[in-house]
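Please read the structure below before turning to the comments.
Every number in this text was worked out from the coordinates using simple rules, so none of it is lab data. Quick caveat, the model's predicted, so the values are computed rather than measured. Reconstructed Cβ throughout: ideal geometry from the backbone, glycine too, with neighbour counts over all protein chains shown.
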Amino acid sequence: MRTSLRFFSRWQNWLGLLLVSMFVVVAIAAPLLSPNVPEDPSAQKAIGRVTRLEPQPPSTEAPLGTTASQYSVYHALVWGSRSALVFGLMVTIFSAFIGILVGTTSAYFGGFINSLLMRISDAFLSFPIIAGVVLVQQIVTSILYDAGVAFMRVGGTFPGSKGVFFIPENLSAFLTWLQQADPVPVAFILFSWMPYARLMNTGVLRLKNTEYVEAARVAGVKNSRIIFRHLIPNSIAPVIVMAAKDVGGMVLLQTTFTFIGLGGNSPWGELLALGRDWIISAGGIFTYWWVFMPATVALLLFGIGWNLLGDGLNDALNPRTQTLKY
Amino acid sequence: MRNLLQHLMKRIISLLITLFIITAVLYATVMFTPAETRATLFMPKNTSPRMTEQQYQAMLNRMIEKYHLNDPYPVQYYYWVSSLLQGNWGYSPVLQENILSAIIARTPATAELALFSILLFIPLGIISGVIAGSRQHKASDHGFRITAFIATSLPSFILALILLSFFYVDLHWFAPGRATSSISNVINSQDFRLYTGMYTIDGLLNGRPDVTLDALRHLAMPVFTLAIAHWATLGRITRATMVEEMQQDYVTAARARGLSDNRIVWGHTLRNAASPALTSSILSATSLLTGVYVVEILFNINGISSVAVSSMAFIPDASAALGFGIYNVILVWFLMLILDVAQSLIDPRIREAV
């Protein structure tokens with residue numbers, strides 16, 4: 001009860017919760033808000049002829065206009081919220097899980113295991129995420145190439161342009177899955193668990209020699225029970241705060257990668273990439289505002305929402321640490 | 001001086017350990033790929049891009065034979081690391097050249113962008129953070145907080161779109177790329193010597209200020225885009241520590257002695273507040289580097305990022321993947337070192353303790 005009171009004491013926390021719930025509602029109600037075409041359930045729905053390049057202003061068919069090649073902005077916006085939410089939550093939950101696992105085991109067992117695991121996490125910390133994306137991308141490409149999958153870009157190499165895969169007939173189920181899977185979330189998970197491990201490590205190291213843990217050990221409680229009942233619940237608060245902020249950050253990064261053509265399949269990023277040449281034209285931001293503004297505002301609000309929610313969780317969960325009130 | 005050397009030694013050792021772990025992990029991941037992919041890692045430096053399909057295949061087979069690429073992981077790892085140490089980082093089928101020389105040739109463009117941004121955002125971030133923090137709840141503080149909040153929430157590519165639309169298309173002030181075509185003709189000509197590969201510095205060294213000006217005109221937008229997000233983060237942390245610092249007893253004591261506010265802020269609290277903020281910058285050196293690459297791609301600068309872009313060509317290129325990774329680990333180390341030096345310039349405690 002006290003926890004939730006602390007959360008609702010600042011209006012910023014309310015705003016964060018409101019923004020995040022808004023995206024959750026849109027994500028759940030996506031099929032109602034903008035029905036899919038059954039034949040092509042992707043986030044980009046074409047309105048009219050795809051060959052027509054110039055973005056069209058809002059109409060009854062496309063409430064927020066169309067981007068280049070006549071893809072509906074509104075449709076991509078709605079389905080993009082779903083994709084962003086799924087991506088952000090999936091990546092943070094998995095990387096936080098790995099971080100908690102590594103941080104807790106290393107701190108609990110201490111000694112050599114601790115220094116080894118922390119060394120490894122330090123090494124991963126100096127590996128930029130973009131290099132991780134390149135690595136995972138290349139591994140997948142090599143395996144597929146060896147199995148005879150070929151790829152060709154069509155319609156130029158501008159950002160957001162799609163390609164065509166030539167797939168051999170008897171491809172195994174695993175390789176088919178690999179071909180459709182997106183390497184970006186894998187790379188993000190593999191190269192963003194380290195801060196969580198560090199946080200968890202410091203937390204557990206501080207707790208493990210406290211008297212009540214000592215008492216539990218003397219009383220003959222099993223290792224696993226001490227870890228899961230005492231150590232993790234009592235040091236997980238900063239991890240949750242960080243994870244909440246990361247959801248927004250990860251989606252911003254994903255959108256950026258999609259925009260510059262490094263994968264990621266973010267519908268919002270694709271939207272802006274498709275409209276790129278029209279936005280960068282004389283007065284483009286104002287002339288083609290419907291190409292630029294909706295996705296930008298959605299992206300900003302998504303980032304701000306999760307950031308504020310993270311601050312709010314910090315108020316609620318770590319009352320003793322003074323929030324850095326920026 | 002001796003402390004400094006010791007500190008440097010410590011950093012070098014930690015780099016070696018990091019490199020060992022990273023190379024071991026990297027090679028373990030390429031073990032999932034077929035031997036032909038790994039064979040490109042061992043191709044000699046002077047591999048010609050003009051080989052027929054058969055010649056290329058024969059070469060791959062020879063590499064597999066010679067470097068035991070069907071043997072267990074430790075054997076292969078040993079061969080790979082020894083060839084890395086000999087300076088052979090492998091042949092990139094996409095870039096059609098040796099990956100190490102390809103990356104080194106592209107480094108000056110990246111370094112120029114990163115250095116200018118660091119030189120811009122560190123002083124500005126600290127100064128604005130200190131000003132805002134020492135005038136808590138005043139107009140300048142609110143102004144800073146709002147600007148910084150927007151700057152941290154705004155993805156760099158959105159900012160790039162806005163900048164390109166206004167300053168490139170509408171006003172013609174700045175341009176993407178590295179140089180105007182007439183200037184790149186000058187740069188590529190015989191009597192223009194490339195000392196550093198950074199056009200701004202080389203222009204001055206060659207006595208051609210027009211080259212420097214043109215390079216700066218092309219650097220303005222990317223440097224601004226890159227600096228703004230890091231300026232905001234650094235400024236916000238400096239502000240937060242500054243607010244705490246202003247409530248310390250020594251500040252009250254200095255006030256009681258009648259020191260002016262300016263003297264207290266710039267003479268006393270600045271160093272205490274800026275140092276922890278810079279530590280956070282050092283810790284985010286990897287994200288700074290990712291940011292550099294993103295900005296390079298956004299503004300069409302042919303830097304190291306082009307290796308990342310070419311990896312999307314769906315042609316197996318293990319050399320590019322591993323070379324890019326290892327090179328980045330070294331670059332991150334360098335960035336941390338630079339920020340380290342900046343921190344020790346500001347904070348005498350660190351200068352003495354290192």
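Annotation: peptides B:297-303, B:192-198, ranked by per-residue average of other Cβ atoms within 10 Å with the highest first, follow the order B:297-303, B:192-198. Put a plus charge on the Cβ of each Lys and Arg, a minus charge on the Cβ of each Asp and Glu, and nothing anywhere else: the dipole of the stretch B:2-98 about its Cα centre is then about 500 debye. Taking the protein assembly as shown as the region of interest, the number of lysine pairs whose Cα atoms are within less than 26 Å, with members eight or more places apart or on different chains, is 5. With the simple spin-label model, which puts each label point 7 Å out from Cα in the Cβ direction, the residue B:253 to residue A:181 separation comes to 6.1 nm.
Put a plus charge on the Cβ of each Lys and Arg, a minus charge on the Cβ of each Asp and Glu, and nothing anywhere else: the dipole of the protein assembly as shown about its Cα centre is then about 1860 debye. Based on every Cα atom in the stretch A:171-326, Rg and the maximum pairwise Cα distance Dmax equal 22.1, 75 Å.
Among the chymotrypsin sites (Phe, Trp or Tyr not before Pro) found in the stretch A:222-289, not one is both in a DSSP coil and sparsely packed, with 14 or fewer other Cβ atoms within 10 Å of its Cβ. If you take all C-alpha pairs in chain A, what percent of them are over 38 Å apart? Here the tail beyond 38 Å accounts for 27 percent of pairs. Can you give the net charge of the other residues whose Cβ lies under 10 Å from the Cβ of residue B:305, counting K and R as +1 and D and E as -1? Around residue B:305, the surrounding residues sum to 0. Once you divide the Cα radius of gyration of the stretch B:134-214 by 2.2 N^0.38 Å, the number left is 1.63. How many nm is it between the label spots at residue B:196 and residue A:240, if each spot is 7 Å from the Cα in line with the beta carbon? Modelled inter-label distance: 5.0 nm. Shown is the FRET efficiency for residue B:28 and residue A:146, computed with R0 = 25 Å from the Cβ-Cβ distance and rounded to the nearest 0.05: 0.85.
Within 10 Å of the Cβ of each residue in B:147-159, the mean number of Cβ atoms contributed by other protein chains is 5.
What is the average number of partner chain Cβ atoms found within 10 Å of a Cβ in B:302-309?
3
The simple Förster model, with R0 at 45 Å and r as the Cβ-Cβ distance, assigns residue B:142 and residue B:185 a FRET efficiency of 0.35.
In a reduced charge model with +1 at each Lys and Arg Cβ and -1 at each Asp and Glu Cβ, chain B shows a dipole moment near 800 debye about its Cα centre.
With kT/(6 pi eta Rh) evaluated at 4 °C and eta = 1.567 mPa s, and Rh the Kirkwood radius from Cα pairs, the stretch B:1-129 diffuses with a coefficient of 73 µm²/s according to Stokes-Einstein.
How big is the equivalent ellipsoid of the protein assembly as shown along its three axes, where each semi-axis is √(5λ) from the Cα gyration tensor, reported in whole Å from largest to smallest?
Rounded to whole Å, the semi-axes are 38, 33, 31.
Projected onto their three principal axes, the Cα atoms of the stretch A:178-260 cover extents of 57, 27, 14 Å, largest first.
A helix-only calculation puts chain A at -20500 deg cm²/dmol for mean residue ellipticity at 222 nm, using -39500 (n - 2.57) for each DSSP H run of at least four residues, averaged over all residues.
Protection proxy ranking for A:119-130, B:174-185, B:326-337, using the average of other Cβ atoms within 10 Å per residue and placing the highest first: A:119-130, B:326-337, B:174-185.
Positive end of the dipole of the stretch B:2-98 (Cβ unit charges, origin at the Cα centre): among B:30, B:63, B:13, the Cα lying farthest that way belongs to B:13.
Comparing A:288, B:238, B:341 along the charge dipole axis of the protein assembly as shown, the residue lying farthest to the positive side is B:238, per the Cβ-charge model. Of the residues A:194, B:129, B:111, the one whose Cα sits farthest toward the positive end of the charge dipole of the protein assembly as shown, with +1 on the Cβ of Lys and Arg and -1 on the Cβ of Asp and Glu, is B:129. FRET efficiency for the residue B:20 to residue A:113 pair, using the beta carbon distance and R₀ = 22 Å, is estimated at 0.75.
Rounding to the nearest 10 and keeping the result within 0 to 90°, find how far the Cα-based axis of helix A:73-109 lies from the longest principal axis of chain A. For helix A:73-109, the angle is close to 20 degrees.
Given N residues in chain B, what is Rg(Cα) / (2.2 N^0.38 Å)?
1.19
Among the residues of A:252-260, the average count of other protein chain beta-carbon atoms within 10 Å of the residue beta-carbon is 6. Modelled this way, with points 7 Å down the Cα-to-C-beta line, the labels at residue B:66 and residue B:5 are 4.2 nm from one another.
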